[in-house]
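**Student:** The following block contains the structure, expressed as structure tokens.
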Amino acid sequence: MQQTLNEYIPQPAIAYVLELLKHDNLVVKIKNERKTRHGDYRKLPNGKHQITVNANLNQYRFLITLIHEIAHFEAYKNYNRFIKPHGKEWKQTFQHLMLPVLNPEVFPLALLPLLAKHFKNPKASSDTDTSLAFALKQFDEANDKTYVFEVPLGQTFKLYNGRVFKKGVKRRTRYEGVEVASGKLYLFNPNAEVELLEQ
């Protein structure tokens, strides 16, 4: 496992994460990119527990996602299976597990204030924390994608699944988008990656 982690998370966090993963019945798998999630945790029918994390995440997002999923396993183990997936038990466990890595040896200084703010009350997905999600994306490999917040008002854009939308106004935190084919209104996270279409 150490060899694998060397490729995916910051070097100073490896020993700590290996310690967290020291469970006979816990399996970690690295998966190809899934558009709908960065990772997941589940109890398997054979009694083992499995964590999956997307291979395409940058090292900081990979670390946060891996610890997010380890927190699900720990919360399940310590509180039983009847707790809410992202309830207070999971939040406290996630905060506790993240604390040892929230330092400048592991994360860039620019991320630390955003992480400190996020972990006061962690959400089900770090993507809903738009300032943290945007800051983390700065460490991704360059691609030709555009973020929804960068799309001009009234411009059309395409999602990874081929659906086309016309950008509308910003509500409190998200942007309206009208699907061109159906006329239905949807709301988009400002940091959703989209492809800009020529007018």
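**Student:** Any chance you could run the full-extension gain for TYR160 through PHE82? It's 0.36 nm times the residue separation minus the Cα-Cα distance, nm to one decimal. Please list the in-between numbers first.
**Tutor:** Numbers: separation 78, 0.36 × 78 = 28.08 nm, distance 3.52 nm.
Length gained between TYR160 and PHE82: 24.6 nm.
**Student:** Now for a separate question. Using Cα pairs under 8 angstrom and six or more residues apart, how large is the relative contact order of the stretch 146-196, in percent?
**Tutor:** Numbers: 101 pairs, mean separation 21.1, N = 51.
Worked out over the stretch 146-196, it gives 41 percent.
**Student:** Looking at the chain only, what percent of DSSP beta bridges run antiparallel? Nearest 5 please. Each step should come with its number before you reach the end.
**Tutor:** Numbers: 20 of 26 bridges.
Percentage antiparallel, nearest 5: 75.
**Student:** Right, something else. With charges set only on the Cβ (+1 for Lys and Arg, -1 for Asp and Glu), what does the dipole of the chain come to about its Cα centre, in debye to the nearest 20?
**Tutor:** Details: 29 positive and 20 negative charges, 192 e Å.
The calculation lands at about 920 debye.
**Student:** At a Cα cut-off below 20 Å, give the lysines reachable from LYS29, other chains included and same-chain residues fewer than 8 away excluded.
**Tutor:** Of all the lysines, those that pass the test against LYS29 - Cα under 20 Å, at least 8 places apart if same chain - are LYS43, LYS48, LYS77.
**Student:** Relative contact order of the stretch 29-79, please, whole-number percent, based on alpha carbon pairs below 8 angstrom and at least 6 residues apart. Walk me through the intermediate numbers first.
**Tutor:** On the way: 56 pairs, mean separation 18.3, N = 51.
It comes to 36 percent, rounded to a whole number.
**Student:** Can you list, bin by bin at 5 Å, the percent of alpha carbon pairs in the stretch 93-199, starting at 0?
**Tutor:** Per 5 Å bin, starting at 0, the Cα pair percentages come out as 2, 11, 20, 19, 15, 12, 10, 7, 4, 1.
**Student:** LYS117: which aspartates and glutamates have alpha carbons under 15 Å from its alpha carbon, excluding same-chain residues fewer than 8 sequence positions away?
**Tutor:** ASP127, ASP129
**Student:** Defining a contact as two alpha carbons under 8 Å apart and six or more residues distant in sequence, what relative contact order in percent does the chain show? All intermediate terms of the calculation are to be shown ahead of the outcome.
**Tutor:** Numbers: 272 pairs, mean separation 27.0, N = 199.
This gives 14 percent for the chain.
**Student:** Quick check: residue separation of LYS31 and GLN11 times 0.36 nm, minus the Cα distance between them. What number comes out in nm?
**Tutor:** Working: separation 20, 0.36 × 20 = 7.20 nm, distance 2.08 nm.
Here the answer is 5.1 nm.
**Student:** Between SER182 and ASN46, what is the spin-label point distance in nm, taking each point 7 Å from the Cα along the Cα→C-beta axis?
**Tutor:** The answer from the label model is 3.9 nm.
**Student:** About the Cα centre of the stretch 53-123, how large is the charge dipole given +1 on each Lys and Arg Cβ and -1 on each Asp and Glu Cβ? Please answer in debye to the nearest 20.
**Tutor:** On the way: 9 positive and 4 negative charges, 68 e Å.
Computed about the Cα centre, the dipole is about 320 debye.
**Student:** Per residue, how much space in cubic angstrom lies within the convex hull of the C-alpha atoms of the chain? Write out the running numbers ahead of the final one.
**Tutor:** Values: hull volume 29.2 nm³, N = 199.
Here the figure is 147 Å³ per residue.
FYI, it's all coordinate maths here, none of it is from the lab. Every value quoted in this text rests on a predicted model; they were computed, and no experiment measured them. Heads up, the Cβs are rebuilt from the backbone with ideal geometry, glycines too, and the neighbour counts pull from every protein chain shown.
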